[in-house]
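Q: Below are the structure tokens for one structure; questions will follow.
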Amino acid sequence: MQHLAILKLYDDPQFVEYLRYLRYFESPQYITYLRYPAPTLKALELLQEEQFRKDILSPEVVARLMEGGINASMGET
């Protein structure tokens with residue numbers, strides 16, 4: 001996600017619309033195509049927010065996301 005922000009793709013209205021379009025993966029008929037549905041859908045949800053798309057440039061935000069993903073994979077909260 002940070003790489004896309006560095007490339008400034010989140011500034012492109014067409015790309016932001018594409019992110020909205022991808023929400024179809026939330027429906028049960030498509031969710032089965034996702035290897036890691038929970039984190040993928042959470043990332044897609046976060047990317048719907050303009051502020052998050054700006055914040056993802058921060059190394060601290062990326063570190064918190066990575067830490068949260070590691071903790072979730074180990075069953076921690």
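Bear in mind these aren't lab numbers, they're just calculated from the coordinates by the rules spelled out. What you see is a predicted model; the values in this text were computed from it and never measured. Don't worry about glycine lacking a Cβ; one is built from the backbone with ideal geometry, like all the others, and counts go over all protein chains shown.
Q: Tell me the label-point distance for the pair residue 4, residue 58, using the 7 Å Cα-to-Cβ offset, in nm and rounded to one decimal.
A: Placing both labels 7 Å beyond Cα along the Cβ direction yields 2.0 nm.
Q: Helix-derived [θ] at 222 nm for the chain: sum -39500 (n - 2.57) over DSSP H runs of at least 4, divide by residue count, nearest 500? Let's see the in-between values first.
A: Values: 6 runs with 50 residues, N = 77.
Taken over the chain, the calculation gives -17500 deg cm²/dmol.
Q: I need the phi-derived Karplus couplings for segment 42-57: 6.51 cos²θ - 1.76 cosθ + 1.60, θ = phi - 60°, integer Hz, Gly and Pro marked x.
A: 5, 4, 5, 5, 4, 5, 6, 8, 4, 5, 5, 4, 7, 5, 5, 6
Q: Could you pull out the chymotrypsin sites (Phe, Trp or Tyr not before Pro) across segment 14-55 that fall in loop regions by DSSP (anything but H, G, I, E, B) with no more than 10 other Cβ atoms inside 10 Å?
A: Values: sites: 15, 18, 21, 24, 25, 30, 33, 52; in loops: 33.
Listed in order of number, the matching sites are 33.
Q: Among 4, 36, 59, whose Cα lies farthest out toward the positive end of the dipole of the chain, if unit charges sit on the beta carbon of Lys, Arg (+1) and Asp, Glu (-1)?
A: It is 36, whose Cα lies furthest towards the positive end.
Q: Given contacts defined as C-alpha pairs under 8 Å and at least six residues apart, what's the relative contact order of segment 2-73, whole-number percent?
A: The normalised contact order for segment 2-73 reaches 35 percent.
Q: Roughly what would the spin-label model give for residue 50 and residue 23, points 7 Å off Cα along C-beta, in nm?
A: 1.6
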